[in-house]
Each structure stands twice: as C-alpha cells, then as structure tokens.
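What follows is a single structure, written as structure tokens, with notes after it.
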Amino acid sequence: MTQQKADIIERLKREILPLQGYRSALKSGLSDMGFGPFNGAFPDGKFPLGSIHEFIACNTENATAASGFIAAIVGSLMNKSGAAIWIGSQLTIFPPALKSFGIEPENIIFIDLQNQKDILWTIEEALKCDGLSAVIGELPELSFTGSRRLQLAVEKSRVTGFILRKTSRSLSTTAAIARWNIKSLPGHVPENLPGVGFARWQVELLKVRNGRPGKWEVEWSDGKFHPVSKIAAILPEQKRKTG
C-alpha cells in the first residue's frame, strides 16, 4: 500500500468516527487525563468522551470494584467541568471515600429510585443535560433499544455516561461504545507502614468500537492510572536505595 493510500484511509477513519458517536478526550481539549495504560486501545489513542461506557458486574465484589474505577475516571472529568449525577436503586456509595479519587462529595447528586423504568428514564434525562461532566447509572440489565436511546442523548449533549450492570446474566448487544469488566486486586503497602495501599484493579476492555480490547493491572495514585508491572519494578530499586 502506498503512503498516499494509507493517508487517505487514515483520514476516512477520522471522518467516520464522529458519525459513529465517538468523541475523544483529545477533541475535547482534554489531552492528558491520566488514562495512559488504556489510551492505546482507543482509535485515536485517547479515552472516548460524549459516549456510553458499559460495565459488567456479576457479583457485589465486582460491582464495588467497578464503582471505584468509574469514580477515578469521573474525578478526572469533574476537574475539567461540572457536577455529576449517580443514579440507581439501593446505592451503597460512601461519599467521603470519593475524595480518594479527587471528587468532592457535594459535587455529585445521588438519586435513589426503586423502579427500573424510572431509573432508565432518569438516566436518559440526565444525559441530556449538557452542563454535567458525567452521569453514572446502575441497572440490572440494559437492552439494545435502551442503550441506543442513551447513546443518542449523549451524542447531542456530549455528556459521558457510565452504565453499571450489576446483575447481568448475559452479554447482550448494546449501543455502548465500550464494554468493561473490572475486578479488584490487593493493594501494595510499603513495609512498616499502616493502611491498605492504593486502589488496584484488573481492568478488561471486552470490546471497544474501532479499537483494540485488552487487559491491564493498574493502580490509582497521584491522580492517574499506573501499570502495576512498572510499580513492581520500581519498588525493589527503592528498597535498595533506602535499605
């Protein structure tokens, strides 16, 4: 393939992505949001905004891990723009803990509803509010039709949506631009220091439109995601210097 043909194909890809509802952090003026380990999985190397991200959680432990991971991303978004809304039934989020991810609890509106239709309707209406930085919705299931309505809402408002499917039994097709599966990992605690260490997750990107799925082990510290493998390599060196 000649360089000219390659340039034409690359230009066409960039023109098609917005038509598919893909909007990246780069196009939004947010060039560095601390998502380094994952950026290579996305079409233009930047985390997609103004779209729906779906998180699969088959048990309570995974749902808790996904909530923490989502909070880390939302914290980065809220540093650049307005408040966020978190919607679900029997919400178990402990607001003060959100400060670990750079979020002031008073900047998130929590809406607790019991009827699933009401939850889906409220998520859709919230996603239409272009003054928000993000909307997080907890649902047991999400149909393709329902997800398509959410995607259409964010394509107009440019708000980023995170849907946490807490009791999903099957990976049905949805219009979400990306599907994630998050599991918790034990945190590292330096020797002779108290505490539980920084949050760590096994992050699996099951699908991403026009991108490359992958799996990573990451730690959240200093307001960014860091590969656990690099941290593990640094620790022995630090031990030799301080030993």
In segment 154-174, anything buried (at least 22 other Cβ atoms within 10 Å of the Cβ), closer than 19 Å to ILE93 by Cβ and among the β-branched types (Val, Ile, Thr) is listed as THR160, ILE163
Every residue from segment 100-153 that is among the small types (Gly, Ala, Ser), closer than 20 Å to SER76 by Cβ, surrounded by 14 or more Cβ atoms within 10 Å (Cβ to Cβ) and without any contact (Cβ under 8 Å) to a residue 60 or more places away in the chain: ALA126, SER133, GLY137
Only residues that are under 13 Å from the mean Cα position of the chain (by Cα) and not polar (S, T, N, Q): list them for segment 43-62, please. LYS46, PHE47, PRO48, LEU49, GLY50, ILE52, HIS53, GLU54, PHE55, ILE56
Expected single match for at pLDDT 90 or above and in contact with a strand residue (DSSP E or B) (Cβ under 7 Å, 6 or more places away or on another chain) among ALA134, ALA153 is ALA134
Limited to segment 218-243, what total is found for residues that are under 17 Å from ALA66 (Cα atoms) and either hydrophobic (A, V, I, L, M, F, W, C) or at pLDDT 95 or above (or both)? 3
Hey, can you tell me all the residues within segment 136-180 that are within 25 Å of LYS215 (Cα to Cα) and among the β-branched types (Val, Ile, Thr)? ILE136, THR160, ILE163, THR167, THR173, THR174, ILE177
Check whether at least one residue in segment 62-69 is closer than 13 Å to ILE136 by Cα, touching a residue at least 24 places away in the same chain (Cβ under 8 Å) and among the β-branched types (Val, Ile, Thr), and report yes or no. no
Residues that are among the polar types (S, T, N, Q), assigned to a helix (DSSP H, G or I) and at negative phi: does segment 90-106 have at least one? yes
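The values are calculated or read from the model by the stated rules, or taken from the named source; none is laboratory data. Bear in mind that the values here come from a model prediction, so they are computed numbers and not experimental data. For neighbour counting, all protein chains shown are included, and Cβ atoms are generated from backbone atoms with ideal geometry for every residue, glycine included.
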